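First the structure, in the form of structure tokens, and then the observations on it.
The values are calculated or read from the model by the stated rules, or taken from the named source; none is laboratory data. Note that the coordinates shown come from a computational prediction; the quantities given were computed from them, not determined experimentally. Cβ: placed from backbone, ideal geometry, glycine included. Neighbour counts: every protein chain shown. Heads up: the accessible areas ignore ligands, DNA and RNA and are worked out on the full protein's heavy atoms, side chains in. Shrake-Rupley method; radii C 1.70, N 1.55, O 1.52, S 1.80 Å.
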Amino acid sequence: MRSFSQATQRITAVSVRSGGVKLLQARRDSKGSVTLLGMKARQVHEASDEESLTRVLREMVESLPEPPGETVGLFSSDAVVTRYLSLPSQDPDELQAMALYQMEGSLPYSIEQCVVSVKPLGPMGEATRVLVVVAHRPDIERLIRICQRANLRLTSVASATEAVGRWHQACWPEGALDAAAWLAVEVSEDEIDLGVFLNGSLSYMRHVSHVGGDLQDLAACLEETIQAYEKERVGPKIARVTISGRLDRMAPGALERLEVLLGLAVHRVDPLERSPFKDALAVTAKEIAPEISFSDLLGVVCVPRLLGLDLLPLETRVEQARQSVFRQGRWLLALLALTMTVLAVWVGLRMACVFLATRQAHAEVLTLQAQLTRVQRKAETIQAIGTARDLYARQIRWIGSAVQHLPPGVTLQFLGMEGEGVVVLRAVAPDLTMITAYSAALRGDLLWATVALRAARVQTEQGKVEFEMALSPKQ
Amino acid sequence: MSERVSSRMVLIAVVWLLTVMGLVWLGQGGVGLWNRQTEELMAVRERLSRVHGWLAVEQEVAAREAEAMGPLARVGRSELMWASLEGLQALAGAQGLFLNDLRPSETAGGGRRPGTIRLDARLEGPLAGIGKFLQQIPDKMPGVRLESLQFLPQEKGQVQALLRLSLPAWDRS
């Protein structure tokens with residue numbers, strides 16, 4: 001079972017048959033509205049030659065306005081074997097296995113050479129009535145191969161009969177065909193595709209080849225089909241008939257007479273009158289030959305729900321999935337490589353800018369270094385002068401204090417700075433008492449932290465005392 | 001077919017793993033280099049900012065330096081000693097002092113430290129004048145230090161002092 005995504009979607013339908021190749025492309029939006037993009041058909045004289053078919057299909061694909069997108073291949077009813085079975089199960093996998101088991105031996109080829117699609121039709125007592133469609137694997141693989149070489153990747157292989165029924169249903173938007181059982185008929189040059197639809201789903205299909213061109217032959221064919229359907233007992237009686245295809249060769253009033261012959265309502269599906277693409281087909285119908293019918297392809301692109309029958313082999317799906325994974329992996333790797341490259345380039349540029357900015361800043365610092373040195377020297381000079389002024393002012397205060405406290409009779413001889421903060425004083429006093437008084441007076445001055453007598457010597461000639469003091473100012 | 005697919009997938013997985021490991025290693029090295037570069041740039045820009053800060057106040061610093069240097073602001077290195085002596089002479093004369101026996105000397109500095117000019121002089125005059133003279137010396141000789149002051153006995157209220165001063169040999173080139 002396959003479902004279409006809800007986003008805008010491109011669908012391409014292709015049919016490769018003995019008469020030629022048909023190709024149709026449409027776009028479906030999220031609301032279900034469909035726009036035709038292209039519709040082409042070409043006859044191939046060497047229909048059995050795979051190369052010719054591939055070449056013709058490739059040319060048609062290249063002329064499409066947009067890339068293929070989802071591609072559905074169509075198989076005709078004459079290429080498959082159909083059986084109606086009642087199987088004692090309701091599980092889809094069990095129905096598939098039981099159908100294969102029952103079909104084995106009754107087919108013209110081995111079961112390994114077959115591609116099978118099983119469609120449940122509904123319960124029948126405790127069993128399930130199923131429609132089994134079997135195709136010869138080489139035929140399906142041939143279709144897949146032709147499409148692959150023409151750059152089309154098939155996502156499913158659907159039944160042309162079922163697609164025709166979907167197309168007839170789309171041309172009746174009122175849903176008049178939904179509830180009843182109706183017979184969809186597609187008339188070609190010399191063959192007829194017939195399908196019975198119950199509640200909009202295909203339940204019976206039949207292909208008739210080599211049909212005569214007159215109305216009696218057509219009526220007989222339809223009558224046989226109706227009887228064969230009723231014999232299979234897959235559903236209620238057919239209520240109406242819809243017909244499309246090569247109806248231009250019929251005489252006027254043929255459909256009315258057909259109604260009388262069958263005893264059923266017969267509706268002609270004319271794409272020019274009641275299709276969703278009335279305007280588009282009105283243009284396109286002038287360009288193609290009237291003998292080519294696109295009902296099956298149109299049904300594929302219009303179908304709003306699932307196409308129940310799908311003959312695309314499982315191994316093809318697996319291979320396509322694996323190729324898709326590798327393709328996405330390559331895209332992811334390329335994206336990652338691109339991201340890393342961009343990131344590396346950005347980082348490299350950023351680091352280069354930082355390097356250049358650093359060099360520029362270094363150069364500017366070197367350029368300004370001489371000027372900076374001059375300014376800093378001047379600042380140091382200012383600071384040094386200030387410090388020197390402070391020290392000199394303290395020294396003057398020290399001298400002032402030493403002189404101020406001199407007692408009478410004491411003569412100051414020397415004042416010197418020893419180191420950074422010791423004042424050395426030498427003087428002559430009359431006697432030791434004066435020295436003591438002087439020392440006491442100095443100690444009484446808050447300027448001095450310590451007043452120390454270093455030496456005192458009596459002068460022998462005059463009897464005076466020479467003394468030396470060390471004064472330490474307070475910090 | 002399955003063996004070929006399997007070996008191909010193993011090869012792809014190995015390539016992926018090596019690529020991721022290489023990217024991680026490159027990333028670590030790149031991040032470290034990025035951080036070092038950024039730190040270096042920030043450091044040099046901060047240094048440049050400080051330089052610009054200094055240069056922005058260059059004129060102000062020059063003005064304050066000239067103001068601090070006073071009369072020696074326009075005196076070159078070679079004339080500093082003579083300018084200092086002239087300043088002392090002027091001060092002594094203003095206070096009625098006699099400045100004599102001048103003996104200047106000079107020592108060289110090291111690196112950014114200026115050299116030192118040393119002045120030994122003899123002063124004669126009243127004690128009060130010597131006191132004022134000493135107080136006004138920094139106005140004529142910015143940055144001066146008083147190394148020593150020795151008083152010699154004199155008569156009649158006159159004082160003789162031996163003065164030793166030191167002055168940084170400012171190089172204002």
Residues with beta-carbon under 14 Å from that of residue A:355, excluding residue A:355: net charge, scoring Lys, Arg +1 and Asp, Glu -1?
-> +2
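Per residue of A:387-396, what is the mean number of Cβ atoms on other protein chains within 10 angstrom of that residue's Cβ? Let's see the in-between values first.
On the way: counts 2, 10, 6, 0, 5, 11, 2, 1, 6, 6.
What the average comes to for A:387-396 is 5.
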Area of residue A:93 that stays accessible when all protein chains are in place (1.4 Å probe, Å², to 10) | 120
Can you give the % of DSSP beta bridges in chain A that are antiparallel, to the nearest 5?
-> 80
Using alpha carbon positions and the Kirkwood radius, the Rg to Rh ratio of segment A:341-435 is 1.59
Report the calculated FRET efficiency for residue A:66 and residue B:33 (r = Cβ-Cβ distance, R0 = 45 Å), to the nearest 0.05.
-> 0.40
What is the distance, in nm, between label points placed 7 Å from the Cα along the Cα-to-Cβ direction at residue A:450 and at residue A:474?
-> 1.7
Determine the dipole magnitude for chain B: charges of +1 sit on the beta-carbon of Lys and Arg, -1 on that of Asp and Glu, nothing else is charged, the reference point is the Cα centre, and the result goes in debye to the nearest 20.
-> 440
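By how many nm would the segment from residue B:116 to residue B:15 grow when fully extended, if each residue of separation counts as 0.36 nm and the alpha-carbon distance is taken off?
That pair, residue B:116 and residue B:15, stretches by 28.8 nm at full extension.
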Rounded to the nearest 10 degrees, the helix A:137-149 long axis (Cα) sits at an angle to the longest Cα principal axis of chain A of 50
Using 7 Å Cα-to-Cβ label points, what is the residue A:331/residue A:172 separation (nm, one decimal)?
-> 4.1
Prolate/oblate/rounded call for the protein assembly as shown, Cα gyration tensor, a/c under 1.5 rounded = prolate
Sorted list, accessible surface of protein heavy atoms, 1.4 Å probe, largest first, for B:133, A:355 is A:355, B:133
Judged on accessible area alone, 1.4 Å probe, highest first, A:231, A:464, A:237 line up as A:231, A:237, A:464
Signed unit charges on C-beta, dipole axis of the protein assembly as shown, positive-most listed residue A:102, B:80, A:384 = B:80
Given a Förster distance of 25 angstrom, what is the FRET efficiency for residue A:109 paired with residue A:145, based on the Cβ-Cβ distance and rounded to 0.05?
-> 0.85
Toy charge model, Lys and Arg Cβ at +1, Asp and Glu Cβ at -1: the protein assembly as shown dipole around Cα centroid in debye, rounded to 20, equals 3540
Residue (of A:269, A:161, A:406) at the positive-pole extreme of chain A, dipole from beta-carbon charges = A:406
Which of the trypsin sites (Lys or Arg not before Pro) found in segment A:39-77 are loop residues per DSSP with 14 or fewer other Cβ atoms within 10 Å of their Cβ?
-> none
Solvent exposure of chain A as accessible area per residue, Å², 1.4 Å probe = 50
Grab the Cα-Cα distance for residue A:224 and residue A:343, subtract it from 0.36 nm times how many residues apart they are, and report the gain in nm with one decimal.
-> 35.6 nm
Kirkwood hydrodynamic radius (Cα pairs, Å) of segment A:392-460?
-> 12.5
Probe 1.4 Å, all chains present, heavy atoms only: residue A:221 accessible area in Å², nearest 10, is 10
For segment A:321-442, the charge dipole (Cβ of Lys, Arg +1; Cβ of Asp, Glu -1; about the Cα centre) points to a positive end, and the Cα of A:417, A:337, A:325 closest to that extreme belongs to A:325
Can you give the accessible area buried between chains A and B, summed over both chains, with a 1.4 Å probe, in Å² to the nearest 100?
-> 4600
Test assert for segment B:58-76: residues whose accessible surface shrinks by at least 40 Å² between chain alone and all chains, 1.4 Å probe, equal B:58, B:61, B:65, B:68
Rank these by accessible area, largest first, 1.4 Å probe: A:443, A:17.
-> A:443, A:17
If each of residue A:51 and residue B:25 carries a label point 7 Å out from its Cα toward its Cβ, how far apart are those two points in nm?
-> 5.4
Any chance you could list the semi-axes, whole Å, largest first, of the equivalent ellipsoid that the Cα gyration tensor gives for chain B, using √(5λ)?
-> 78, 16, 12
With the full set of protein chains in place, find how many percent of the accessible area of segment A:307-402 is carbon and sulfur; take the probe as 1.4 Å.
-> 67
Add +1 for every Lys or Arg and -1 for every Asp or Glu among the other residues with Cβ under 11 Å from the Cβ of residue B:166, and state the total.
-> 0
Accessible surface of residue A:229 - all protein chains present, 1.4 Å probe, nearest 10 Å² | 0
With a ≥ b ≥ c the root eigenvalues of the C-alpha gyration tensor of segment A:1-153, is it rounded (a/c under 1.5), prolate (a/b larger than b/c) or oblate?
-> oblate
What's the tally of Lys pairs in the protein assembly as shown whose alpha-carbon atoms lie under 29 angstrom apart, where the two lysines are 8 or more places apart or on different chains?
-> 19
Segment B:7-93, accessible area per residue, ligands and nucleic acids excluded (1.4 Å, Å²) | 69
Per residue of chain A, what 222 nm ellipticity follows from adding -39500 (n - 2.57) for every DSSP H run with n ≥ 4, rounded to the nearest 500?
-> -14000 deg cm²/dmol
Two-site FRET efficiency, residue A:360 against residue B:55, from Cβ-Cβ distance with R₀ of 22 Å, rounded to 0.05 | 0.80
